[in-house]
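Readers should treat all values here as calculations from the given coordinates under stated rules, not as data from a laboratory. Because the structure is a prediction, the values reported are computed rather than measured. Cβ placement follows ideal geometry from the backbone for every residue including glycine, while neighbour counts extend to all protein chains displayed.
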Amino acid sequence: MPLGPEYLRTIAARTLAHQEQHAPSYREGTRDHDVSQNIATLLQHMTGPPPFDLLDFDCGPRCGLHTIKALGHRIDGPDGAPRAQGGCEVLEQSILQLELPSQRYDGVFADAVLFHVPRYRHSCCDNCSPADSQAACCSVPTPRGDGQEGWNGERYSAFHASPTWRALVTAAAFDELEHFYRPPGLPIEHQPWLASVWRKS
């Protein structure tokens, strides 16, 4: 069921406030978070010569920005709060109200963020497409679940079953290129994350 604009602003504000309140512990907890498999999978599906212009959604304190930049690519990061990110541009924008330049980016890295987007908003999921770029790839690690959606403490979260997640992104005009479960090397029942790579149809 569609949510009104005021409720969407509440979702963004409360979720961001929670993340800001717990930013130090979150930063410490993700300091050694290895995103290299997700980034490598995204890059192997990119077309054309590097370096690429990439976007790291809701970059926060995670290390995607720095890892991608260290590989020689150009990277910007929209986030709901202004942050200093070591020479990478951070755009103060909510993921629910993005204003991105047309045909600016070749791909998107959205690590552990789109599960904070209400389900129905994925039907207009140009939120996770770099504007009109038809060649864009999008890497989306998201937690697996059984369809639970709503307030998880002070954060709005949607834990989709894998078939539901695929249906949502496909309905937003993306074609799946690859998927895998994380962390690697564990039985699937101990892999709570589904990572997938998509290209705009």
Ser36/Glu154 FRET efficiency (R0 35 Å; Cβ-Cβ; nearest 0.05) = 0.70
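Stretch Ile188-Glu176 to full length: gain in nm at 0.36 nm per residue minus the Cα-Cα span?
Stretched out fully, the Ile188 to Glu176 stretch lengthens by 2.3 nm.
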Would you mind calculating the gained length between Ala13 and Ser102 on full extension (0.36 nm times residue separation, minus the Cα-Cα distance), in nm to one decimal?
-> 29.4 nm
